[in-house]
Amino acid sequence: MQEAGLTPLPPAELEVLRYVLDAPGVSVSTLARDLGLHASNASTMVRGLVARGLIHRDPDPHDRRSVQLRPTINAIHAMARIENAWAEIFADALGSLSDKERAALAEAVPALRALGDSLRVRRTRPQS
């Protein structure tokens, strides 16, 4: 976040924010399950992000006892700045690699995606 001129967030809160940005309307319990967090820890991080003005809690229209988490416009703009800053960093770093090294990275993309998918499935699978 510092690369984008923003106040840094702890890594776990940044992960929660990214999740909410990717899945607006998610419940705290779903977020906790999918990220492998204890519900109390997820709630604490959500409160911190609400206090920073990065997410807001809306009553669930189907269950008034539950809330839906949504990113604020500030969060959307902040994440865009972060992504743009990282894109510049990556572009500079990729520019310093040889053609052969860039080709090797491109060939590894399908395997890296499969690895990410496998990790996501393991994280969200109910524990036995």
Given H placed 1.01 Å from N in the peptide plane, which residues other than close sequence neighbours of residue 72 have an amide H under 5 Å from its amide H? 55, 56
Length released on extending from residue 88 to residue 117, taking residue separation times 0.36 nm less the Cα-Cα span: 7.8 nm
About the Cα centre of the chain, what is the dipole size in debye to 20, counting +1 per Lys and Arg Cβ and -1 per Asp and Glu Cβ, all else neutral? 600 debye
Would you calculate, for the chain, the mean residue ellipticity at 222 nm contributed by helices, counting each DSSP H stretch of 4 or more residues as -39,500 (n - 2.57) and dividing by all residues, to the nearest 500? -21500 deg cm²/dmol
Whole-Hz ³J(HN,Hα) from phi, Karplus 6.51 cos²θ - 1.76 cosθ + 1.60, for region 16-33, glycine and proline x: 5, 4, 4, 4, 5, 5, 7, 9, x, x, 5, 8, 5, 5, 5, 4, 4, 4
Highest-first arrangement of 97-110, 75-88, where packing means the average Cβ count within 10 Å: 75-88, 97-110
Of the peptides 53-60, 8-15, how do they stack up when ordered by the mean number of other Cβ atoms within 10 Å, highest first? 53-60, 8-15
Per-residue HN-Hα couplings for region 105-113, Karplus 6.51 cos²θ - 1.76 cosθ + 1.60 at θ = phi - 60°, whole Hz, x for Gly and Pro? 5, 4, 5, 7, 4, x, 5, 5, 5
Under the 0.36 nm per residue contour assumption, what length would be gained going from the current alpha-carbon distance of residue 23 and residue 100 to full extension? 24.0 nm
How large is ³J(HN,Hα), in whole Hz, for each residue of region 44-59 in order, when computed from phi with the Karplus curve 6.51 cos²θ - 1.76 cosθ + 1.60 and θ = phi - 60°, using x for Gly and Pro? 5, 5, 4, 4, x, 6, 5, 4, 7, x, 9, 9, 9, 10, 10, x
Which label in [x] 1.05; [y] 0.99; [z] 0.96 gives the computed Rg/Rh (Cα atoms, Kirkwood Rh): [x]
Taking amide H atoms as placed 1.01 Å from N in the peptide plane, list the residues 5 or more away in sequence, or in a different chain, whose amide H sits under 5 Å from that of residue 60. 66, 67, 68
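No value in this document is a laboratory result; all are computed from the given coordinates. Not measured: the values here are computed from a predicted model. As a convention, Cβ positions derive from the backbone with ideal geometry for all residues, glycine included, and neighbour counts pool all protein chains shown.
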